[in-house]
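Nothing in this text is a laboratory measurement; each read-out follows from the coordinates by a stated rule. Being a predicted model, the structure only gives us computed values, none of them experimental. Note that we place each Cβ from the backbone using ideal geometry, even for glycine, and neighbour counts take in every protein chain shown.
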Amino acid sequence: MKLTRLGWAELVGLGAAIVLLASLFMPWFLTQTGNRNSRISGLRSQRETIDAFVAFDIFSWVLLIACIAPFVLALIVVSGTTLNWDRGEVTAIIGVCCAVLILYNGLLGGKPDDGVEITLGPGWYVALFSCLGIFFGGVLRMAEKGVTNKPPGI
């Protein structure tokens, strides 16, 4: 087994995964304590902030698992394992899917009425850009070697 070094693509993905992990504990939503309707999951935190684990039942765990993808890619690259798909492809797919889900959950899916007074916190933005960083790391890795998989008949 030939060990290779990590490149920029893997380092970008690893950095984004660490930042995504940290963003799960940052305030994703800000509530107004003076408004009795300003609650998420029936809760209102004392510091007027709600992190990902309070706001979401399952999605926070999906994001936690998404943090693992760049580490798996780095392990595959370092060990020199051959795959049936392009290296970085799954990491890029996970990154873009999580970014789309974050956009949906923050802007469309759970948007309350105007009188509720809940706004997006910094953790939401950090998580969005982190998922885009994971996507970008996967795309960079695919671009280093070029796409090798082709549809049948080509």
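For LEU83 and LEU120, the FRET efficiency from 1/(1 + (r/R0)^6), where r spans their Cβ atoms and R0 equals 35 Å, is about 0.40. Between PHE29 and ILE50, GLY121, the built amide H atoms are under 5 Å apart, and every one of these is 5 or more places off in sequence or on another chain.
Between VAL72 and LEU21, the contour length at 0.36 nm per residue exceeds the alpha carbon distance by 16.8 nm.
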